[in-house]
Amino acid sequence: MFTPKWKKEAQHLAKGALKFIHYKRDLLAPDQLGEIESRRADLLAAIKSGDRAKTDEASKQIRAACDNALPREKPVGWLEENVEVMFVAIVIALGLRAYYLQPFRIPTGSMQPTLNGIIGTPLARGDWPSFPVRMWEKVMRGRSYVQVVNDRDRRVAVDGDGRPVVRDVQMMHFFSRSQIFFTDSKPLRLPAPVNPSSQIGLVNAITTAGQNGGVLPAGTVICEGTVDSGDLVLVDKFSYHFRKPKRGEVFVFDTIGIRGIHDRKGEQAAGSHYIKRLCGVPGDTLSIQPPDLLIDGKIAREPGIQRVIRGEGPYSINTTGYVSADPREARAHARPVSQYLAKPGDTLTLTAQAPPGYREYAALGDNTGNSLDSRYWGPVREFNLVGPALFSLWPVTTGHWGFIR
């Protein structure tokens, strides 16, 4: 704080000379290297003596020694310097994502009201607010106003069961979209996954095509309304290396090897990652007596699970408490699919005595009336775990911003 300015500048110059030696050592001849080190020693001695004149002279000498050491080397321009900074920033970001924190977009409503998925709401173009209001809602709320109109007659492609081919696609790991496929043209990309697209007109468009022999007429409105972005959360990929997963926390896992997920089709079929509440750890036996979730015959007491059981306030969404799996979901598939916890009295026991990576956990959605989870496709193995959901990063006006409970 009380060091003179000239002395601070000289000290910074000495540090810069040391960095120059470290960065350019492989390019410097031994005599050049020796001269710079000698000039730096002189500068440090002058600083220590407190003689400003000697310090100024030593500073000139070391600057000249460094400038003349590599006369043919082109100085780094502003473009190269900024590209280097950006490259380093990207490497650091990728390192953080790979080992510590990974962003994850909530795709569905299975964790409402704890976390929001992507929600579609019908709204005619004529009822849209002004452009400034739409931009404000886009930034603060993650709401987009969308309209997709079919520009020409197209024949909708169907699968082996005669159902229109509409599939979810992932863009850059952050953005979820869907595509409707045709036999006579390229797929048409829709502004949201299949389920929210269906909420804003896709179902009506498919119905119209069915009434026209599979042809979607020109001018048909496929999607029209608002799409609210799913919450963007940060997943802690580090903690599970040092502690055991805790019952009651929200966590993320991949779907590799979970056959019950991959046997299903539709909105919540196999995806790269799922997010649910961890409702059972190795050794637990789960059962459901609505509205209660029972662990080893006793009502689970973890705060996150209790909020769902009580169904108070926003947790009264769709249903109160935990319910058994819907048997109609199993019958909705062309081939048989298994179900767990499908009726009162059913139990799901999670394996504890197993090789590392094969111990089992249970994952249930907070919005149990609208969640495909362990009630339907069984346990999640240890090697599938990614980490606990740590922080809801965006949007900032939904009431979810902050640490996730």
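Summary of values
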| quantity | calculated |
| --- | --- |
| Residue check, Lys265 among the basic types (Lys, Arg) and at pLDDT 90 or above | no |
| Of the criteria (1) more than 18 Å from the chain's Cα centre (by Cα); (2) modelled with pLDDT of 90 or more; (3) part of a helix (DSSP H, G or I), which one Tyr240 fails | (1) |
| Checklist (1) among the polar types (S, T, N, Q); (2) farther than 30 Å from Trp136 by Cβ; (3) within 29 Å of the chain's Cα centre (by Cα) applied to Gln211, failing item | (3) |
| Test: Arg167 is of a type outside the set (A, V, I, L, M, F, W, C), surrounded by 12 or more Cβ atoms within 10 Å (Cβ to Cβ), in contact with a helix residue (DSSP H, G or I) (Cβ under 9 Å, 6 or more places away or on another chain) and under 30 Å from Gln102 (Cα atoms) | yes |
| Some residue of the stretch 37-54 being within 11 Å of Ala69 (Cα to Cα) and exposed (fewer than 11 other Cβ atoms within 10 Å of the Cβ) | no |
| Tally, over the stretch 135-150, of residues that are over 29 Å from the mean Cα position of the chain (by Cα) and modelled with pLDDT under 90 | 0 |
| Qualifying residue in the stretch 55-63 (condition: among the acidic types (Asp, Glu), part of a helix (DSSP H, G or I) and at pLDDT 75 or above) | yes |
| Matching residues in the stretch 174-208 - criterion: being within 26 Å of Ser110 (Cα to Cα) and touching an Asp or Glu at 6+ places or on another chain (Cβ under 9 Å) | Ser176, Arg177, Ser178, Gln179, Pro193, Val194, Asn195, Pro196, Ser198, Ile200, Gly201 |
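The values are calculated or read from the model by the stated rules, or taken from the named source; none is laboratory data. Keep in mind that what you see is a predicted model, and the values were worked out from it rather than measured. Cβ: placed from backbone, ideal geometry, glycine included. Neighbour counts: every protein chain shown.
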